[in-house]
Amino acid sequence: MAKQKKDRTNLLALTGAAALLAVAVSFAASAINSHIRGSNVRVSLSAAEILRLADRVIAKSKQVHDAIASVPLDKVMYANVILPMEELEAQQFPLVQSCIFPKLVSTSEDVRKASAEAERRIDAHVSICSKREDVYLVIKAFAARGEWMSPEAKRYTQFLVQLFNEVSVFVLGDEGCWRVGEEEEAESYSILLDFERNGLNLTLTKREELQRLRAEIEELCMRYIRNLNDDSSYLLLNEMDLVGLPPEFLKSLNKADNDKHKIVLRSHHVSPVLELCKCRNFFDTSDGKLTYCPCRWELGICCLRIQVENLAILALGLCLTYRASSENIESPVIFSVPQFLVLVGLTRRLVAVAYGRRCQVNLSILEKLVQLRHKFARLLGYSNYAEYAVDVRMAKSSSKVFEFLEDISASLSDLASRELTLLKDLKKKEEGDFPFGVEDLQYYAKMVEEQQFDLDFGVVKEYFPVNLVLSGIFKICQDLFGLRFEEVADAEVWHCDVHLFSVFDLGSGELLGYFYLDMYSREGKYGHTCVVALQNGSFCNGTRQIPVALFISQLRKEVGGHPGLLRFSEVVNLFHEFGHVVHHICNRASFARFSGLRLDPDFVEIPAQVLENWCYESLSLKLISGFHQDITKPIKDELCDSLKRWRFSFSALKLKQEILYCLFDQIIHSTENVDIVGLFKHLHPKVMLGLPMLEGTNPASCFPRSAIGYEAACYSRIWSEVFAADIFATKFHDGLLNQYTGMQFRNKVLAPGGAKDPVEILSDFLGREPSIQAFVDRGADFS
Ligand SMILES: [Zn+2]
């Protein structure tokens, strides 16, 4: 990796006018030069150095594991079993990350390749270690001795014996491709092992069976995802079929030889169609006249509707079937429109059905997957797979997850019914007496949003120049959590756009940690936004190791003197990710295992989601915004108000849709032999207030979360959002910049990391058990 000096221009330099703003923050630059005090992260290794370091890390890890394995079982002590494990983890983590993170950000292809190879070697080593029965027996013998330990050390020992070893994780890429999640990988490396969930307490035969099942499960997951990624189905539609879609969107579509537009069955095409396509394809229902007939046999048959209503509907149905099966669909999907009652809203329905029936072959794969997962869990002593998956999470049991989802769903029913009635009334006005279906939800919700909020996101964007937003986020985090950020001058970095900041405690001046900001997109860089822990905090043998984080994003850089402007979703995303940075830096756990971002997945997103709330409050929005041509003018009150109402518009209905998938996921993973097609059909109207599943679709065949590491854990996103809402409403809503509350949050929620039980952490901060009420109420307040 080429060592580069960064541009001396202060990343956050603001114009003179910014001094007028409360957001103008002064970042004193302290010259520390290339040596970063307290950081063992190496940021400028060459390809050869990366591979050498990886081999040294592996050799050292093997040496420590051998030493632990050689301790006689009657001589096991904290000092010769647990301490060496902890020291190994704390010391090696920054070195492992030094080998692996260049894969994400290096400007040199050779370095990125070497980094990927280093990762492969370390991966293989971890896999071998995870099967070392000799080490497991020693740790187990120590745990059985019951030697007195601090609560954190005890928790650490339990983790060592039992904890999970995650299989590959996938995330959704920009192009809608599901793939291995490098973010999670980069964060989750540990030279330590989690024995019992790997089956090391089982007999050899059962252990072999477990390995076989694991391999089979991984293979099926890969196949499920590959089918989705390889799916190239599309529809060919006339321009008139796509009425309502913006000209830029239409221009962006490829065209077939017959001049028809190609709608690829992926979210970047499907979502705009479902939101915007007016598709009054056949009749202008307001006066009953035929305005457009897209079918090829056409006018005569369609016009029958005007004379004989029922007959016309039948005739149209035949036309549509012809179009769909023989002309429009050029893809592996064999497709027809089985219903003939759909006259208006046809394109939306056509697209929604085609989208919902991709990859039929995945149904049998999912069935098989679920069976194998149950088998896997039973071998490990669990009654079903959901119990196995949830056991190590904050929710603790599958029954708690059901209770949680059902409570939320029931509490939202009244609000969701009111939202649905509003949409149905609109459809009646627009299309007449046709039944409302799930394919209508996005279109009419969007229509209401446009009518009610007057929210032009193009205008909103003009208030969010990237530097101003960043300095605003910095200012809020510093004030709220009693921190001071200082840019490190002349720090060694991998690209001139990268900046390094030290973080100090405002009161004591203690150095708490560092974070690198690598904000702008460039060739060869990892294509997603994420935070990577480069060094974990720890307190070992009287020495504190400080945390170091890396924040990667894909923002557009200032061009020709014009500031890069952020979309509102990017602003929210920045706040969210910055929540992870602050969480990492403020961690005070003694064990590196409990630092970092490798915390309970039900808990780790909560602080970041708490911080998202600052993006919807007028006071804080004004601190992070300024009109790009005159940044002394912050965003207007009306826009702030619209953004807040927009956030909660149709929130109950949207959440019900998500709950539907979460329930499906939890049921198939907690019950044997479920008919997965029938289950979806059954659940849909139950959860979605009577709306049936779209005929002809099979949502289970294109449900990637069931194969990418979220199986039996889809509820987790709602879970963390619910408790983040509780924290915000209870503690911060009336004191957005209240440093006392911020410090309480820092000390009670952020500082313990994984060293304490998450429910205990939240209860300690809230002064009571966490509750769903604030989450339920907040949507109702804006309905
Ligand atoms: Zn997050």
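Bear in mind these aren't lab numbers, they're just calculated from the coordinates by the rules spelled out. Every value quoted in this text rests on a predicted model; they were computed, and no experiment measured them. Quick reminder, even Gly has a Cβ in these numbers, built from the backbone with ideal geometry, and neighbours come from all protein chains shown.
Close amide-amide hydrogen proximity is noted between LYS278 and VAL243, GLY244, LEU245, each under 5 Å apart and 5 or more residues distant or on a separate chain (H modeled in the peptide plane; Pro and chain starts excluded).
The lysine pair tally for the stretch 639-783, using Cα distances under 18 Å and a gap of 8 or more places or different chains, is 6.
Straight-line reach from LYS251: taking Cα to Cα under 25 Å and skipping same-chain neighbours fewer than 8 places apart, the lysines in range are LYS260, LYS262, LYS278, LYS446, LYS461. Extension gain, ASP454 to LYS424: 0.36 nm times the residue separation minus the Cα-Cα distance gives 8.7 nm. Each residue of the stretch 573-587 was assigned a 3J(HN,Hα) from its phi angle through the Karplus curve 6.51 cos²θ - 1.76 cosθ + 1.60 (θ = phi - 60°); the sequence is 4, 4, 4, 4, 5, 5, x, 5, 4, 4, 4, 5, 5, 7, 5 Hz, with glycine and proline shown as x. Candidate cross-link partners of LYS622 among the aspartates and glutamates, defined by an alpha-carbon separation under 17 Å and a same-chain spacing of 8 or more, comprise GLU462, ASP479, GLU570, GLU612, ASP630, ASP637, GLU638, ASP641, ASP734. Counting beta carbons within 10 Å around each of TRP646, TRP719 and listing the fewest first gives the order TRP646, TRP719. Hey, got the dipole for the stretch 365-416? About the Cα centre, +1 on K and R Cβ, -1 on D and E Cβ, debye to the nearest 20? Magnitude of the dipole: close to 440 debye. Computed from the Cβ-Cβ distance with R0 of 51 Å, the FRET efficiency linking GLU638 to LEU511 stands at 0.75.
The protection proxy used here, the mean number of other Cβ atoms lying within 10 Å of each residue, ranks peptides 669-675, 752-758, 655-661 as follows, highest first: 752-758, 655-661, 669-675.
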